[in-house]
Amino acid sequence: MSRAWWKEAVIYQVYPSSFLDTNGDGWGNVKGITSKVDYLKELGVDIVWVSPIYKSPQKDMGYDIADYKLIDPIYGTNEDVDDLISELKKRGMRLMMDLVVNHTSDEHEWFRESRSSLTNPKRSWYIWKKPKRDAAGNPLPPNNWSQILGEANSAWTYDSKTDEYFLSLFTPEQPDLNWENPEVRDAVHDVMNFWLDRGACGYRMDVINHISKDQRFPDAEPVMGPDYKYHPGTKYYVNGPRMHEYIQEIHRKVLAKHGAVTVGEMPCVDDIDEIIRTVGSKSGELNMIFIFDIVNVDNAVGMGRMTWRDWTAKDVSQAVTKWQRAMIEHDGWNTVFLENHDNPRSLSRYCDDSDAYRERGAKLLALMQTTQNGTLFVYQGEELGMRNVPKSWDIEEYKDIESINFWKASKALHAAHPERLAEARRILERKARDHARTPMQWDATPNAGFCKEGVEPWMRVNDDYKDINAEKQLATDGSTWHFWQEMLAERKTHADIYVYGDFEGVETESDEIFAYVRTDTKGGKRLVVLNLTGKSVKWDIPGAIKVQEWTNGNYPEKISEKALKGSLDLKPWEGVLATCES
Ligand code: GLC
């Protein structure tokens, strides 16, 4: 497997509105990020990926961009970004920008022009279609696709001025660009060059597998059942007919000459061959993508994010093992992550976030991630074991457009069924994107040090900030933060094993234990055993594995001698790491 600096890099995602506010308006800003680069360096971070900070009406927290070349005043200025890049560079670190080009904001100049008349030169920069009509002649959407961030709604938005619909897959304020038009692609290349020329090292590419739509725009299968008018058209726009062609063009015209680092967000695809076409070492497309199997383990089978099912260790271990093996066997490259701004906190999701176990769980997940093959992503606050918002919070505290739409639709749909509405509420408590978006907990002062006392943060600070915060954990030996720091360093020191080594699933069929072995070509070998339950579990070490020494784990006590003799008594949420004979 070929080596590259970005494969060994640790990428830290900053959600800028919630990172650090230095000017007292309750929103994080670029200067706030710059003031924390030493903190990130100390943790072991190499690349800082910042979620969108461009000019935006913030209908979808910046994933609706009104000007790609201008930083939103709420975050600062273009010069603030120059400063951030130079402060990072001084420390051998880099900045990764977020590229959102499946759609723009409806306030982008391109869209304003496009919607102004049927003959405007930018009309064909977006996807416009004539309405269908009901018996009375009223306009109806051109097909039955549902909106992604509000599944009760149509993916099409009617514009009375020209009596046509435009495609807006995410929300009506996020019209989809028409990638069939070469002028659009040129404009995207130009935007990409702009930030790379300014010193960004590359891009995280938002829903980049949605850019090519099936030009027949057929109706979707009615999978949502009779209560719903609209259904996911995923099949017709995920990894669509010209997607590879468009990404290869980006690679040829932009990425290759800058040596840029790229990570594509590619939900709703799990076919190995299709993914290798993008991330295979010879693909000429992207370095790596986010694959979502691991965060889909708690979705109802075949359903979207805002659903729930029980899962076990087996679901986690099979999702991880599949992609670890796939990239090794097909010479591709993995991303390793459990959190981002679109998912609940991993500790609350995969472990037990009660005070009794939260530290164990957070460290267990750190151990699991730092010992996998691929480029590792850490999301802000994950290094502290930040948790979901308390269940007691009022629904009004949820600010995300997806949560708001989901709750509105649930109230309408379940008006006569209080138990179904209560279930919808439980889904929000488990899955809402808001959980990851609360302000970063820096210290125990009011507002957790995210913004000054007396300022109202844009989103409520989690009630637990006096216990869980960076200052406290930096000062405490053995804290979750220090565990992350130690494991990130271990990963770098032994990159041959952890980053590039082989991966063999040892226990992947158990509902309780996930165990695997990592090996390099020079005889280095590690065993990782994770108890993904809140119970004590005994696990027999297979005879072929000869443990030398238990080197790390998420409980303070040393592993007993008994473990060396062939079986392990794992405590609730216990994870251990051992060196082995080759
Ligand atoms: C991606 C982003 C998400 C956003 C969506 C539309 O999935 O991560 O936050 O809502 O794209 O841009």
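No value in this document is a laboratory result; all are computed from the given coordinates. A quick note: this is a predicted structure, and the numbers were derived from the prediction, not measured. All Cβ positions, even for glycine, are placed from backbone atoms using ideal geometry, and neighbour counts span all protein chains on display.
Points worth noting:
- Sequence-distant contacts, meaning Cα pairs under 8 Å at least 6 residues apart, place the relative contact order of the chain at 13 percent.
- Taking 16 Å as the straight-line reach from the Cα of K161, the lysines in range (excluding those fewer than 8 positions away in the same chain) are K122, K129, K130.
- Theoretical FRET efficiency, 1/(1+(r/R0)^6), r = Cβ-Cβ of D83 and E42, R0 22 Å, to 0.05: 0.65
- Listed by chain and number, the aspartates and glutamates whose C-alpha is less than 12 Å from the C-alpha of K466, apart from same-chain residues fewer than 8 away, are D443.
- Shown is the FRET efficiency for D352 and D197, computed with R0 = 51 Å from the Cβ-Cβ distance and rounded to the nearest 0.05: 0.60.
- Over 32 Å (Cα to Cα) - which of K36/K253; K132/K411; K36/K546 fall in this group: K36/K253; K36/K546
- Region 511-582 and region 232-249 have their alpha-carbon centroids 42 Å apart.
- Taking other residues whose beta carbon is less than 9 angstrom from the beta carbon of V529, and scoring Lys, Arg as +1 and Asp, Glu as -1, yields -2.
- Take the convex hull of the alpha carbons in the chain; its mean projected area over all directions comes to 26.4 nm².
- Summarising the amide proton neighbourhood of R94: residues at separation of 5 or more, or on other chains, whose placed amide H is nearer than 5 Å comprise I47, V48.
- For A444 and D273, the difference between the fully extended length at 0.36 nm per residue and the C-alpha to C-alpha distance is 56.7 nm.
- Placing dummy labels 7 Å off each Cα toward the beta-carbon, the span from K452 to E245 is 5.6 nm.
- Cα centroid of region 322-376 to Cα centroid of region 11-73, whole Å: 23 Å
- Site pair S582 and K161 shows an inter-label distance of 6.8 nm when each label is modelled 7 Å from Cα along Cα→Cβ.
- Relative to the Cα centre, the charge distribution of the chain, modelled as +1 at Lys and Arg Cβ and -1 at Asp and Glu Cβ, gives a dipole magnitude of about 620 debye.
- Proximal lysines relative to K257, as straight alpha-carbon distance under 26 Å, when same-chain residues fewer than 8 apart are discounted: K7, K69, K89, K90, K282
- Sorting 259-272, 366-379, 101-114 by average packing, meaning the other beta carbons within 10 Å per residue, from highest down gives 366-379, 101-114, 259-272.
- Label point 7 Å beyond Cα of E471 along Cβ direction - residues of region 25-61 with amide nitrogen under 16 Å: 36, 39
- DSSP assigns beta bridges within the chain; of those with both partners inside it, close to 60 percent run antiparallel.
- Cut-off 20 Å, label 7 Å out along Cα→Cβ of D227, residues of region 383-409 by amide N: 395, 402-409
- Linear extension gain, S536 paired with K492, 0.36 nm per residue minus alpha-carbon span: 12.7 nm
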